[in-house]
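Data block below; observations after.
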Amino acid sequence: MQSPMSPVSVPSTQSKDLEDVKLPHEELRSDASTSEPDSEPTTVVPRSVNWHYTRKCNYSCKFCFHTAKSSFFLPETEEGMMESKECLRRLKMAGMEKLNFSGGEPFLHDKALGELCRFCKVELELPSVSIVSNGSLIKESWMKRFGSFVDILAISCDSFVEETNVRVGRGRGEHLRKLEEIKKWCVEYKVDFKINSVINALNVDEDMSEHIERLQPKRWKVFQCLLIEGENAGEEAIRDARSLTISDEQFQSFLERHKAVSVLVPESNDAMMNSYLILDEKLCFLNCTSGGKKPSASIRDVEVEVALRQAGFDAEMFVKRGGVYDWTKQRDIEDLGEDMMDVKTQTAGTLVKKMYKGPRGVLGDRESRDECSWMLAGAVACGALSLCLLAILRTR
Ligand code: SF4
């Protein structure tokens, strides 16, 4: 297997990120490398999970490798939201530190997305919550209300020539304006901003350095256009990306042209293929080892550990490609407290408010306990008042 980074020096941020989190090899916490014949079954810790919670999207990128083959969205109903939270809680117990919401387009379900981000950050206390979006549906009001629960917002942008974005299928000509707008909101609402680009036959000769330097993302992830059987290649696929693929040499030449961009994090097909823990909309891990996407058993039905064994995850490549980095934004605790108050005030009586009751019933979480405390205090006060009135009436 060809090393994905070999012809181009790895950008400094990537190695620095790894140092920052002090990740010795053993901290992979995976015994995947064991060769003992009688050893325990392999245990992979799902430190970073990508939940493609919807397949639906308002864009139609030609190279899309997670296409709208289903409209299923588990958190759509209150029961589904509760079940989603319970599954996320079990992932946290299995070692999840970072959850990335992806799609499809996550902001097609903006209310549910906000609530799930709040749940992950406040109740699960995950070190990192991130979202990958095409950006088109993000509103400032969402950023204002939920931005404090998001560490990283990654926006996909493949070109700084709008016409190329349109040709790729990324929107109808508004993509770059929206990208600039979101960058400003990320600064204003203190969310780390990231850009993802898929390098393909239409943008491989572009020089994006100046634009990336100006926008200053925390990371610029650069992917090589990848063919996935059943998604963007093969008979059953909705998309056909064969005309957009590029050679490894072309990809390396793109990286060489941008090597001065310090935030660039490259990902060749080899690095990308099995180094992501991908959960689909039904909470099955997707195993890409055979070139397609084979779903594991769903964590709705089996233990996380059991499903993980079917995930085909390459934990070593995950670290090698820079999968672990400084993924928690600098957070002002007072800010978080204030934002919590804002959310409670703004969403009272709405779906979000109902969802606060959580999967464990009325007393199941902090919000519900707060509500019950107030009710109890009210009942005690009423009782005390009644006794006083009774005592006054008796003395008369
Ligand atoms: S924006 Fe993302 S999910 Fe939507 S079509 Fe493009 S690549 Fe696929």
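The values are calculated or read from the model by the stated rules, or taken from the named source; none is laboratory data. Quantities reported herein were computed from a predicted structural model and do not represent experimental measurements. Methodologically, a virtual Cβ is constructed for each residue, glycine included, from the backbone with ideal geometry; neighbour enumeration extends over all protein chains shown.
Might you check whether a residue that is modelled with pLDDT under 85 and among the hydrophobic types (A, V, I, L, M, F, W, C) occurs anywhere in the stretch 66-87? Within the stretch 66-87, not a single residue is modelled with pLDDT under 85 and among the hydrophobic types (A, V, I, L, M, F, W, C). One residue stands out among those in the stretch 297-322 that are among the small types (G, A, S) and buried (at least 22 other Cβ atoms within 10 Å of the Cβ): the one that is farthest from R90 (Cα to Cα), which is G322. Residue pairs whose Cβ atoms lie under 9 Å apart, sitting 6 or more positions apart in sequence or on different chains, and linking a residue in the stretch 98-111 that is outside the structural domain of I238 (by TED's automatic domain parsing) and over 15 Å from K56 (Cβ atoms) to a partner that is within 15 Å of the ligand (Cβ to nearest atom) and part of a helix (DSSP H, G or I), do not occur here.
Apart from one condition, Q216 fits all of (1) over 18 Å from C57 (Cβ atoms); (2) surrounded by 15 or more Cβ atoms within 10 Å (Cβ to Cβ); the exception is (2).
Summed over the stretch 170-228, the residues that are touching a Gly at 6+ places or on another chain (Cβ under 7 Å) and assigned to a loop (DSSP other than H, G, I, E, B) give a count of 4. Condition check: at pLDDT below 95 and either closer than 22 Å to G322 by Cα or not small (G, A, S) (or both). Does E235 satisfy that? When the stated conditions are applied, E235 passes them. Residue pairs, Cβ under 9 Å, 6 or more apart or interchain, first in the stretch 50-77 and more than 18 Å from S298 (Cα to Cα) and among the aromatic types (F, W, Y), second at pLDDT 95 or above and away from the ligand (no atom under 12 Å from the Cβ). List them. Filtered contacts from the stretch 50-77: F63/T245. Among the residues of the stretch 149-161, those that are away from the ligand (no atom under 14 Å from the Cβ) and within 15 Å of the chain's Cα centre (by Cα) comprise F149, V150, D151, I152, L153. Out of the stretch 229-253, which residues are closer than 21 Å to R167 by Cβ, touching a residue at least 12 places away in the same chain (Cβ under 8 Å) and not in a helix (DSSP H, G or I)? Within the stretch 229-253, E231, N232, A237, I238, R239, D240, A241, T245, I246 qualify. Checking the structure you have, find out if any residue of the stretch 273-293 is in contact (Cβ under 8 Å) with a residue 24 or more places away in the chain, assigned to a helix (DSSP H, G or I) and under 24 Å from Y325 (Cβ atoms). Within the stretch 273-293, one or more residues are in contact (Cβ under 8 Å) with a residue 24 or more places away in the chain, assigned to a helix (DSSP H, G or I) and under 24 Å from Y325 (Cβ atoms). How about the stretch 115-144: which of its residues are surrounded by fewer than 21 Cβ atoms within 10 Å (Cβ to Cβ) and under 23 Å from E79 (Cβ atoms)? Once the filter is applied, which keeps residues that are surrounded by fewer than 21 Cβ atoms within 10 Å (Cβ to Cβ) and under 23 Å from E79 (Cβ atoms), the stretch 115-144 yields V122, E123, L124.
Which of the residues that make up the stretch 48-93 are in contact with a Gly (Cβ under 6 Å, 6 or more places away or on another chain) and of a type in the set (K, R)? If the condition is that a residue be in contact with a Gly (Cβ under 6 Å, 6 or more places away or on another chain) and of a type in the set (K, R), then R55, K56, K62 are the ones that fit.
When you scan the stretch 221-234, do you find a residue that is more than 13 Å from the ligand (Cβ to nearest atom), more than 24 Å from V49 (Cα to Cα), assigned by TED's automatic domain parsing to the domain that holds S102 and out of contact with any helix residue (DSSP H, G or I) (no Cβ under 9 Å at 6 or more places or on another chain), even just one? Yes; the residues of the stretch 221-234 include at least one that is more than 13 Å from the ligand (Cβ to nearest atom), more than 24 Å from V49 (Cα to Cα), assigned by TED's automatic domain parsing to the domain that holds S102 and out of contact with any helix residue (DSSP H, G or I) (no Cβ under 9 Å at 6 or more places or on another chain).
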